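Have a look at the structure that comes next, please.
The values are calculated or read from the model by the stated rules, or taken from the named source; none is laboratory data. As the structure is a prediction and not an experimental result, all values here were calculated from the model. Cβ sites come from the backbone with ideal geometry, for glycine too, and all protein chains shown count toward neighbours. These accessible areas exclude ligands, DNA and RNA; they are computed on the full protein's heavy atoms, side chains included. Shrake-Rupley method; radii C 1.70, N 1.55, O 1.52, S 1.80 Å.
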Amino acid sequence: MHEASIALSLIDVASEVLRENGGARASALTVRVGAWSSVVPEALTAAFPACAQGTPLEGAHLNVVTVPGVGECPTHGPVTLDVRRGLRCPACGAPTPTLVQGDELELDEIELAEPQLEES
Ligand SMILES: [Zn+2]
């Protein structure tokens, strides 16, 4: 249910953008999900179609881009973190309590659908 509420809030944001674009519809949506956010990409894409029903996003394809976690090691600088190992430098094991990236959940791109031509 967690992912459904996330899908709904993404749809809210995207619908707002579409309204500002003159009521366009979207054919695809790209979101960036950090590996360290608690979001499961598969669950999000699974929840999306039902959540999008009745919105300008209905029928749009959801692309999820996973952003790897990056921490700051005192010795090695920015290092890519392994989720299974926790907030530790993979090279020396030093704690890297600050997450530089990897906990984001953001709308990256909205692909607008071709406007439907009026029948004349
Ligand atoms: Zn290190």
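Out of segment 67-110, which residues are at pLDDT 95 or above, open to solvent by 90 Å² or more (accessible area, probe 1.4 Å) and more than 16 Å from the ligand (Cβ to nearest atom)?
Result: Glu109, single match.
Yes or no, residue by residue, for (1) in contact (Cβ under 8 Å) with a residue 60 or more places away in the chain; (2) touching a helix residue (DSSP H, G or I) at 6+ places or on another chain (Cβ under 6 Å); (3) within 27 Å of Glu42 (Cβ to Cβ); (4) acidic (Asp, Glu):
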site: Gly69; (1), (2), (3), (4): no, no, yes, no
site: Gly77; (1), (2), (3), (4): no, no, no, no
site: Pro97; (1), (2), (3), (4): no, no, no, no
site: Glu104; (1), (2), (3), (4): yes, no, yes, yes
site: Leu107; (1), (2), (3), (4): yes, yes, yes, no
site: Leu112; (1), (2), (3), (4): yes, no, yes, no
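Also, I was wondering about something else. Ala35: within 25 Å of Val100 (Cα to Cα) and in contact with a Cys (Cβ under 8 Å, 6 or more places away or on another chain), yes or no?
no
Being over 13 Å from the mean Cα position of the chain (by Cα), surrounded by 13 or more Cβ atoms within 10 Å (Cβ to Cβ) and in a loop (DSSP other than H, G, I, E, B) is the filter here, so list the residues in segment 22-58 that pass it.
Correct list: Ala24, Arg25, Thr55, Pro56, Leu57, Glu58.
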